[in-house]
Amino acid sequence: MTTYTKHINNLLKPNITEKETVLDLFAGCGGLSLGFEAAGFETIGYEMDVAATNTYNKNLHGKCNAIKLDLDFKYPNAEIIIGGPPCQPFSVGGHQKGMEDARDGFPIFIDAVTKLQPKVFMFENVRGLLYTNKWYFDLVIKELQKLGYLIEYKLLNAVDFGVPQNRERLFVIGHRNKFIFPKPQNKKVTVGEAIGDTMNIEVEGSKFFTASMDTYVANYEKASACVNPRDLYADRPARTLTCRNLAGATGDMQRVKLPDGRRRRINHREAARLQSFPDWFEFTGNETQRYNQIGNAVPPLLAYHLASAIKDCYHREDLYQPYEIIENNLQANSVLTLF
């Protein structure tokens, strides 16, 4: 077991010390919730995927409910709302159904904030929301500002917070106090520090490349002008883990190259470490479901740093600004309505 693994195994454990409840919408297998429970918060999750819900309930202190949320849903009281609303239907090249698309989770998230008026909320999403889909991001922000929140947002790379993976995501915080994003750490954790005890050996359930797969990968790398083969290297962090490159037999599959030259796909335990899930965290479901849960998750170690920053914000009563003060500071822009 590596030093990094011992660190996340000890740090990232549910340890409820706060009286506030955190509502986790679109919770997945509980990456965000694990970070918040390790920081002391009780959580309640909502997730429509049953396998992911089962994983959440197997590992976390709070309960996750397997349900598809809608605008008529009545939420339990919660002082903090977090989540990763799916935002799939907004690319310029797509059908551009926007808020009319059932896959869009932002109306649900905004509805929950409207009903509960939490003191703090946070959501994460892909960086593309700031670029291709900036028009929709601006719309969401204006809706949340109408509810009396100050909005802070920032692109954060998980590798800057102790996660052995380059994974850049957008994090948005709504508050009425003063929020300060956690500071990046100086040292980056490498793949070797995370899975160095297994990456050079044949592990249980190893799936090795066939000759035809090796040929396919060689052709893929040649066509894409790849300077280095897309293997995992012990002396650097991993590439971004996704459902596709974990579960699928693709040219950019997450894999290691053994000393004898064979390549094998990383197993789900290695993938979990690269996402900063502790070894004690058990995933339920079949192989593909486990990989998808890991690929979709917010790294719990990054979630822990954000939860700690939100805890500081939540308890800064001296800086609390009532709704009326914030409302007067908002720009008097005309806004579209999501509902």
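The values are calculated or read from the model by the stated rules, or taken from the named source; none is laboratory data. Please read these numbers as outputs of a predicted model, since none were measured by experiment. Heads up, the Cβs are rebuilt from the backbone with ideal geometry, glycines too, and the neighbour counts pull from every protein chain shown.
Would you say residue 192 is at pLDDT 95 or above and either in a loop (DSSP other than H, G, I, E, B) or buried (at least 16 other Cβ atoms within 10 Å of the Cβ) (or both)? Against the criterion (at pLDDT 95 or above and either in a loop (DSSP other than H, G, I, E, B) or buried (at least 16 other Cβ atoms within 10 Å of the Cβ) (or both)), residue 192 qualifies.
Tell me, yes or no, whether segment 130-150 has at least one residue that is touching a Lys or Arg at 6+ places or on another chain (Cβ under 7 Å), of a type in the set (Phe, Trp, Tyr) and over 21 Å from residue 28 (Cβ atoms). Yes - at least one qualifying residue is present in segment 130-150.
Kindly establish whether residue 144 is outside any loop (DSSP other than H, G, I, E, B), within 20 Å of the chain's Cα centre (by Cα) and either closer than 27 Å to residue 109 by Cβ or without any contact (Cβ under 8 Å) to a residue 24 or more places away in the chain (or both).
Criteria not met by residue 144.
Could you tell me which numbered condition residue 185 fails, if it satisfies all but one of (1) closer than 30 Å to residue 39 by Cα; (2) out of contact with any Asp or Glu (no Cβ under 7 Å at 6 or more places or on another chain)? Unmet for residue 185, out of (1) closer than 30 Å to residue 39 by Cα; (2) out of contact with any Asp or Glu (no Cβ under 7 Å at 6 or more places or on another chain): (2). Where residues in segment 285-338 are at pLDDT 80 or above and touching a Pro at 6+ places or on another chain (Cβ under 6 Å), which of them is surrounded by the fewest Cβ atoms within 10 Å (Cβ to Cβ)? Selected residue: 309. In segment 231-253, the qualifying residues are those that are assigned to a loop (DSSP other than H, G, I, E, B) and either of a type in the set (A, V, I, L, M, F, W, C) or not assigned by TED's automatic domain parsing to the domain that holds residue 214 (or both), and the one that is modelled with the lowest pLDDT is 249. Taken over segment 217-230, the residue count meeting the criterion of being surrounded by 15 or more Cβ atoms within 10 Å (Cβ to Cβ) and either in a loop (DSSP other than H, G, I, E, B) or over 31 Å from the mean Cα position of the chain (by Cα) (or both) is 1.
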